[in-house]
Amino acid sequence: MDDKEVFKIIALNVRVERTIKSLTQAQLAELIDVHEKYIGKIEAGKQNITIKTLNKIANALKIDITKLLENKNPNL
């Protein structure tokens with residue numbers, strides 16, 4: 001699996017989990033102290049994200065970090 005595929009998996013999972021929690025990108029960004037455009041880039045699969053930031057997102061969404069790394073789409 002290459003980097004782009006990993007970014008796509010994370011992007012989809014962040015967007016889905018954020019939506020389930022009824023949070024906007026701006027609200028999630030505020031919770032982890034980043035700019036909302038950064039969240040947009042993550043959700044577009046265009047941002048290289050650190051484990052530290054991924055962990056902050058997981059904590060803000062009150063989920064296990066592994067949930068953000070699961071490949072739920074067998075086509076990826």
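The values are calculated or read from the model by the stated rules, or taken from the named source; none is laboratory data. Computed from a prediction, not measured in an experiment: that's the story for all the values here. Reconstructed Cβ throughout: ideal geometry from the backbone, glycine too, with neighbour counts over all protein chains shown. Please note that ligands, DNA and RNA were not included when accessible areas were found on the heavy atoms of the full protein model with its side chains. Shrake-Rupley method; radii C 1.70, N 1.55, O 1.52, S 1.80 Å.
Across region 19-34, a minimum of one residue is classified as of a type in the set (Asp, Glu), surrounded by fewer than 16 Cβ atoms within 10 Å (Cβ to Cβ) and at pLDDT 95 or above. Pull up region 51-72, narrow it to residues that are part of a loop (DSSP other than H, G, I, E, B) and either of a type in the set (Lys, Arg) or over 19 Å from Thr24 (Cβ atoms) (or both), then point me to the one that is most open to solvent (accessible area, probe 1.4 Å). Applying the filter and picking the extreme gives Lys62. Within region 28-40, residues that are closer than 15 Å to Leu61 by Cα have Cβ atoms under 7 Å from residues that are charged (D, E, K, R) and surrounded by 15 or more Cβ atoms within 10 Å (Cβ to Cβ) in these pairs: Leu28/Arg18; Ile32/Lys56, counting only partners at least 6 apart in sequence or on another chain. For region 20-74, the set of residues classified as more than 14 Å from Phe7 (Cα to Cα), of a type outside the set (Val, Ile, Thr) and touching a Lys or Arg at 6+ places or on another chain (Cβ under 6 Å) consists of Leu28, Leu61, listed by residue number.
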